[in-house]
Each structure stands twice: as C-alpha cells, then as structure tokens.
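A short worksheet on the structure shown next.
The values are calculated or read from the model by the stated rules, or taken from the named source; none is laboratory data. Only a predicted model underlies this, so the values are computations on that prediction, with no experimental measurement involved. Reconstructed Cβ throughout: ideal geometry from the backbone, glycine too, with neighbour counts over all protein chains shown.
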There are 2 protein chains.
Amino acid sequence: MDDDVILLDFWVSVFGQRVRIALAEKGVHYENREENPQNKTPLLLEMNPVHKKIPVLIHQGKPVCESNIIVQYIDEAWHDKSPSLLPSDPYLRAQARFWADFVDKKVYESAKKIWMTEGEEDQQVAKKELIEVLKVLEGQLGEKPYLVGESFGLADIALIPFSMWFHTLNEIGKMNIERECPKLAAWVNRCMERESVSKTLPRPHKFYEFILEMQKKKGH
Amino acid sequence: MDDDVILLDFWVSVFGQRVRIALAEKGVHYENREENPQNKTPLLLEMNPVHKKIPVLIHQGKPVCESNIIVQYIDEAWHDKSPSLLPSDPYLRAQARFWADFVDKKVYESAKKIWMTEGEEDQQVAKKELIEVLKVLEGQLGEKPYLVGESFGLADIALIPFSMWFHTLNEIGKMNIERECPKLAAWVNRCMERESVSKTLPRPHKFYEFILEMQKKKGH
C-alpha cells in the first residue's frame, strides 16, 4: 500500500518540504516527482485543478492538496504508524492547527518581502515585520521543546522549512535572526537533530544561491 | 461541562456564524458575548492576543481561535455527540479541510470586493471573479447533497454563512447568483432546512441594511 504514493514536488518549496518531513517521520515510501513551476505537467494540472500548485500527494490515485492539510492527511491515513504528528488532546490539536495556520498567514509573506522589496525603507519595514512575527513564535515556544505540547508535530513541520531561509534573510536583510530569536534558533537545532528534517532541507547556501539567481533574472 | 462555554462573537460575522452553527449542530449550550469590532473588550484581547479577532471559543477557560479550527475543535471536543462534523475517512476529511480552506482563501475576498470596489470596471472584474469562484464550488457540489461526502459538515459550515451575502451582492453588483449557480442555490435551500443554519443566519435584508449603512459612513 505504501508504494502507491507519489509526491508532486519542487525541491526549493517550503510547502513541499513539509510533506517530505511528514512522510519521513511516518516512514512512508513514496515516489518524488520534481515539477517545474514554469512548465507544469498535465498530471499536476489534473490532480490540483483548483490551485495548480505543488505539493500534491497522490495516494492510491487520489490527490490531496495544500501542505498543512496533507500533513494532517498523512497522520490520519497512516495513524497506525508512529509518531503521531498531532497530539491526541482536542485543545492541543486546535493549538497545533492554529500555529500551522499562523505560519502560513504571517511567516511566508513577511519573509518573502525581504528579498522581493526594493528600496531601503521598505526593506526596513519588512525586517521589522518579520522579526515581530518570529518573536510571536518565540513567545509560543517559551521553554517548551516544540511549538505545541511535548512532541515534534504539525506546527513544527509547518515552520521548520523556513529555517532554510534564515541564512538568506540574514545576508540580504543584513540581520541576525539567531541573535534576535535565540529560543527559535535553539528549536531549529533541536529539529535538525531529526533525520526527517536534516535529510529533507536543502543546505541554506543552496537556497541563497537560488534566490540570488532569481534576483539576477529579475534584474535586481 | 457544557455550561463552561463562552463564544466571543459579532452578529454579522460569517466566521462567528460558522461557530454558532457547529455548536447548534452538536447541541452544545454556550454563552454568546457580543463584541464591538470598534471597541474590543479586554477579554477578547487576552483570549486572542495574536489576531485580536472574533470568533473565540472559550471552553473551560481556554481559548480556541480561527473559525474553521474552532469547528474542528467542536467536533473533537464533543466527539460523543452526533452528528460528526467531519467524515471518518481520512481522504474525505482532507477534502472537507480543503474546501473549507478554499472558501477562506477565495470566497471572502472576492465577494467583499463587490461592495468595497469603486468604479464600474473594477466591479465587473470583481463580479467575474466571484462567479468563477462560486462555479468552482458548484462543480465540487455536482449532484451531491453536500460539498463533501453525504453529510452536512465542515466545508458546508464554512460556506453557508456567505449565502446571507447573496441578496446584497445581487443588489449592489446587479447580478443574479441563484441563476448563475442553480446547484449552489439548491444547496443553500437544503442547508436552510437545518435549524442550526436557519436560526443562526440573520435575514439577508438585515445584512443588506448593514452594508448600506457601512457604505454611507464611508461616504460612498
């Protein structure tokens, strides 16, 4: 049954990385198919006609879309496999969903602005916004090992791929995220001790090169 | 236990209405506290410090935020009460989450534009966009009674409060949503047969008056 799993993915996508981490946590075997965002395959358009975006998890021929939803699907479809990616307590489950949703609504947009924004003033605003967002996450972390409850799960999986961006953000934004958010930095190290994470995330330098290349093409 | 449930709400909010429908479906007793968005109470700011928005469900002193997350929480916290608001099959659960998320990402923004937009041309664009979004939902509905599976649930609860907007959208946008989307119109009628829905949603005319009043204040 495990073998009938295909992931439509793109190596640089933080959203695809979430799914790869979740599959690795559960030990699910799958075929990874690299998509080109500039030239989408007919399979991607067929499997995600609404958003036309990776990642798509195709399990026994049926597609599941949207990364946080896919991670919850993986937890439920392979519920007999450890570890659980969501706590069992309803309140903690709601917390996990809340923080995964917060990452989607706040981190992606505010971080992307730092290399998309032109002009010193706009970049200062973007930097301030990102640090505020990361400090909210740092507050949620507090003295806990993970974002919600005692175990690595949905909210951590939602956030950890963005740690691959920190080096690029520090370079381009002339900032030091690790110094601003030491608890978050310690949490990143803790997550990176997991093979599911360390083997999934590209080297930070590789991502930096990708962004510099992208900026060059856009004539920055 | 049921009695220790407080909902921070605002009558006109489609997001608050989702929570009220879910609580009514489960037969959970609760205290509804009306918030004023222009003058938020200290309790709201304490219970939802991140987004500072209603609805917030406070259950035994602990807050749950974000309407689709609250509906899932209600389903899980009162899992022994019928009906289930999510199917049991993992694939259908993912589908329910996907369509609830689609409503959040697409319906709210495109519908709101119709009364927020000034100028004929922009309004035409907004109308076209909304009808396209509603037709996607109509496609998902197909010949089924509800959006996902055979039962009324999360995705229906996410969408049905917007039906209260249709009269206003038809009037202001000079459109006819029911004619454009007959299956969706039939689904609205089907949902309105449920007491949880019909007793929760304000009369469409009341909403229209609210929007006209809002436009007047903004000097439209």
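Laid out as a table, the results:
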{"quantity": "Filter result for residue A:125 (closer than 17 Å to residue A:14 by Cβ and in a helix (DSSP H, G or I))", "calculated": "no"}
{"quantity": "Residue count, segment A:161-184 (criterion: outside any helix (DSSP H, G or I) and under 19 Å from the mean Cα position of the chain (by Cα))", "calculated": "1"}
{"quantity": "Breaking point among (1) in a helix (DSSP H, G or I); (2) of a type in the set (A, V, I, L, M); (3) within 24 Å of residue B:122 (Cβ to Cβ), for residue B:158", "calculated": "(3)"}
{"quantity": "Test set (1) of a type outside the set (D, E, K, R); (2) assigned to a helix (DSSP H, G or I); (3) touching a Lys or Arg at 6+ places or on another chain (Cβ under 7 Å) - residue A:145 fails condition number", "calculated": "(2)"}
{"quantity": "Contacts under 9 angstrom Cβ, first residue in segment B:73-85 being more than 9 Å from chain A (Cβ to nearest Cβ), partner among the hydroxyl-bearing types (Ser, Thr, Tyr) and in a loop (DSSP other than H, G, I, E, B), 6 or more apart", "calculated": "B:83/B:151; B:84/B:151; B:85/B:151"}
{"quantity": "Those strands (runs of 3 or more DSSP E) lying entirely in segment B:6-109 with at least 1 residues surrounded by fewer than 16 Cβ atoms within 10 Å (Cβ to Cβ) and at pLDDT 95 or above", "calculated": "B:31-34, B:62-65"}
{"quantity": "Residue check for residue B:88: out of contact with any helix residue (DSSP H, G or I) (no Cβ under 7 Å at 6 or more places or on another chain) and more than 13 Å from chain A (Cβ to nearest Cβ)", "calculated": "no"}
{"quantity": "Lone qualifier among B:19, B:50, B:64 - being hydrophobic (A, V, I, L, M, F, W, C), touching a strand residue (DSSP E or B) at 6+ places or on another chain (Cβ under 8 Å), within 12 Å of chain A (Cβ to nearest Cβ) and under 22 Å from residue B:84 (Cα atoms)", "calculated": "B:64"}
{"quantity": "Hits in segment B:111-141 - residues which are free of Cβ contacts under 8 Å to residues at least 60 places away in the same chain, away from chain A (no Cβ under 14 Å) and not aliphatic (A, V, I, L, M)", "calculated": "B:112, B:113, B:117, B:119, B:120, B:121, B:122, B:123, B:124, B:127, B:128, B:129"}
